[in-house]
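Chemist: Pasting in a structure now, in structure tokens, and then I'll have a few things to ask.
The values are calculated or read from the model by the stated rules, or taken from the named source; none is laboratory data. None of these values were measured; they are calculated from a predicted model. For neighbour counting, all protein chains shown are included, and Cβ atoms are generated from backbone atoms with ideal geometry for every residue, glycine included. The protein model used for the area step is the full one, side chains on, heavy atoms only, and it has no ligands, DNA or RNA in it. Shrake-Rupley method; radii C 1.70, N 1.55, O 1.52, S 1.80 Å.
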Amino acid sequence: VSTCSSPRYVATPLAGLLNVKEKIRLKATPNPVLEKFYAATTKHPKQADVEMLSKKSGHSVRQGERWFRRHRNQDRPSLLKKFREASWRFTFYLIAFIAGMAVIVDKPWFYDLREVWKGYPIQSILPSQYWYYMIELSFYWSLLFSIASDVKRKDFKEQIIHHVATIILISFSWFANYVRAGTLIMALHDSSDYLLESAKMFNYAGWRNTCNNIFIVFAAVFIITRLVILPFWIMHCTVVYPLDLYPPFFGYYFFNFMMVVLQSLHIFWAYLIIRMAQKFITGKVVEDERSDREETDNSEEEEEKNG
């Protein structure tokens, strides 16, 4: 319910306040020949296909190219849809991060990672830990189910792998009573995600400087938490410390294997983030490397005037 109602009743008015402006999209004129090819064959026809289809449909080659370009733009999500998705995720990640810190900041294992394994496997579960786990698990299930309808990005496959790996890790760590390590890992992940989503919101609203400044903060937090703290503190805690207490078992190997999968994705995303940071440093507009960009044509307006 929240994934549907929250963007509608909160994000839409917020988009209005931030002056999120939709681009006017010129629609492709109805054409059965081109529509059949677009739906059944490909959205990106080769030049030879365009020439063949243009003859069949009575268009010039340039008109055929323009028709496919416009149809692809029609299928892309609107700016308002992107803003709604970003605002919903920003709200969740920020609340989750604050809640996660509240759950772990007063615990001894937050300051001494060896405390994570003290008394294992018999460790009591606090109500706050239970709800933190259930809310995070529900959210990642919702992301997995909604990924097909959300704004599609170039890292679509990596996103699916990430969501599945996260769900497996959260579920398995609960059943194996790796809850202390699990709460640390979840809070660490939430620490940077809300910054990225807020940067996207300001980007969609056209607040370029605000977006760029938040993005730089996000990049720093992401690299420190995902490429430094996670592998050298948290993974060291889950790989090395347990061996002092008990012989490794299937759960030990499985959990740490899934952590390696997540860490590999972090390295992949860090590469994209560094690419975007380079664009920022060189004065280019920072935009999401994963997004499916809208196509433009400088001569389109002129073509419209000429018919």
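The rows are residues; the columns are (1) buried (at least 20 other Cβ atoms within 10 Å of the Cβ); (2) under 28 Å from residue 240 (Cα atoms); (3) of a type outside the set (Gly, Ala, Ser).
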| position | (1), (2), (3) |
| --- | --- |
| 128 | no, yes, no |
| 144 | no, no, yes |
| 169 | yes, yes, yes |
| 178 | yes, yes, yes |
| 188 | no, yes, yes |
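Chemist: Show the residue pairs that are 6+ apart or on different chains and have beta-carbon atoms under 7 Å apart, the first residue being within region 118-131 and over 17 Å from residue 249 (Cα atoms), the second being surrounded by 12 or more Cβ atoms within 10 Å (Cβ to Cβ) and among the hydroxyl-bearing types (Ser, Thr, Tyr).
Modeler: 129/183
Chemist: So is residue 204 at pLDDT 90 or above and among the aromatic types (Phe, Trp, Tyr) or not? Outline the logic, then answer.
Modeler: Details: at pLDDT 90 or above: no; among the aromatic types (Phe, Trp, Tyr): yes.
Criteria not met by residue 204.
Chemist: Working carefully through the options 64, 100, 58, find the one that is modelled with pLDDT of 65 or more and on the phi > 0 side of the Ramachandran plot. Steps first, please.
Modeler: Working: 64 fails: on the phi > 0 side of the Ramachandran plot; 100 fails: on the phi > 0 side of the Ramachandran plot.
58 is the lone residue from the list that is modelled with pLDDT of 65 or more and on the phi > 0 side of the Ramachandran plot.
Chemist: Here is a further query. Go through the residues of region 199-209 one by one and say whether even a single one is charged (D, E, K, R) and closer than 30 Å to residue 282 by Cα. Reasoning before the result, please.
Modeler: Here is the first cut: in region 199-209, the residues charged (D, E, K, R) are 200, 208.
Now drop any that are not closer than 30 Å to residue 282 by Cα, which leaves 200, 208.
Within region 199-209, one or more residues are charged (D, E, K, R) and closer than 30 Å to residue 282 by Cα.
Chemist: Here's something else I'd like to know. Suppose the filter is basic (Lys, Arg) and open to solvent by 50 Å² or more (accessible area, probe 1.4 Å); does residue 89 pass it?
Modeler: Working: basic (Lys, Arg): yes; open to solvent by 50 Å² or more (accessible area, probe 1.4 Å): no.
Spelling it out, it is not the case that residue 89 is basic (Lys, Arg) and open to solvent by 50 Å² or more (accessible area, probe 1.4 Å).
Chemist: Among 184, 196, which is part of a helix (DSSP H, G or I), surrounded by 17 or more Cβ atoms within 10 Å (Cβ to Cβ) and modelled with pLDDT of 95 or more? Steps first, answer last, please.
Modeler: On the way: 196 fails: modelled with pLDDT of 95 or more.
From the options 184, 196, the qualifying one is 184.
Chemist: Pick out the one residue from 253, 246 that is assigned by the TED database to the domain that holds residue 183, surrounded by fewer than 15 Cβ atoms within 10 Å (Cβ to Cβ), modelled with pLDDT of 90 or more and not hydrophobic (A, V, I, L, M, F, W, C).
Modeler: Working: 246 fails: modelled with pLDDT of 90 or more.
Matching residue, one of 253, 246: 253.
Chemist: Exactly one of (1) outside the structural domain of residue 186 (by the TED database); (2) free of Cβ contacts under 8 Å to residues at least 40 places away in the same chain; (3) not polar (S, T, N, Q) is unmet by residue 69. Its number?
Modeler: Failed condition: (2).
Chemist: Related question: Taking the options 87, 142, name whichever one is in contact (Cβ under 8 Å) with a residue 24 or more places away in the chain, within 20 Å of residue 197 (Cβ to Cβ), assigned to a helix (DSSP H, G or I) and touching a Pro at 6+ places or on another chain (Cβ under 7 Å). Full working, then the answer.
Modeler: Details: 142 fails: touching a Pro at 6+ places or on another chain (Cβ under 7 Å).
Testing whether each residue is in contact (Cβ under 8 Å) with a residue 24 or more places away in the chain, within 20 Å of residue 197 (Cβ to Cβ), assigned to a helix (DSSP H, G or I) and touching a Pro at 6+ places or on another chain (Cβ under 7 Å) leaves just 87.
Chemist: Do we have residue 234 as hydrophobic (A, V, I, L, M, F, W, C) and closer than 30 Å to residue 124 by Cα here? Quick ask: steps written out before the conclusion?
Modeler: Values: hydrophobic (A, V, I, L, M, F, W, C): yes; closer than 30 Å to residue 124 by Cα: yes.
Against the criterion (hydrophobic (A, V, I, L, M, F, W, C) and closer than 30 Å to residue 124 by Cα), residue 234 qualifies.
Chemist: Within region 149-157, is there a residue that is part of a helix (DSSP H, G or I), under 20 Å from the mean Cα position of the chain (by Cα) and among the acidic types (Asp, Glu)?
Modeler: Quick first cut of region 149-157, residues part of a helix (DSSP H, G or I) only: 156-157.
Filter again for under 20 Å from the mean Cα position of the chain (by Cα), leaving 156-157.
Retained after the next criterion (residues that are among the acidic types (Asp, Glu)): none.
No, that holds for no residue.
Chemist: Among the residues of region 199-222, count how many are buried (at least 19 other Cβ atoms within 10 Å of the Cβ) and either within 30 Å of residue 255 (Cβ to Cβ) or among the hydroxyl-bearing types (Ser, Thr, Tyr) (or both).
Modeler: Number satisfying all stated conditions: 4.
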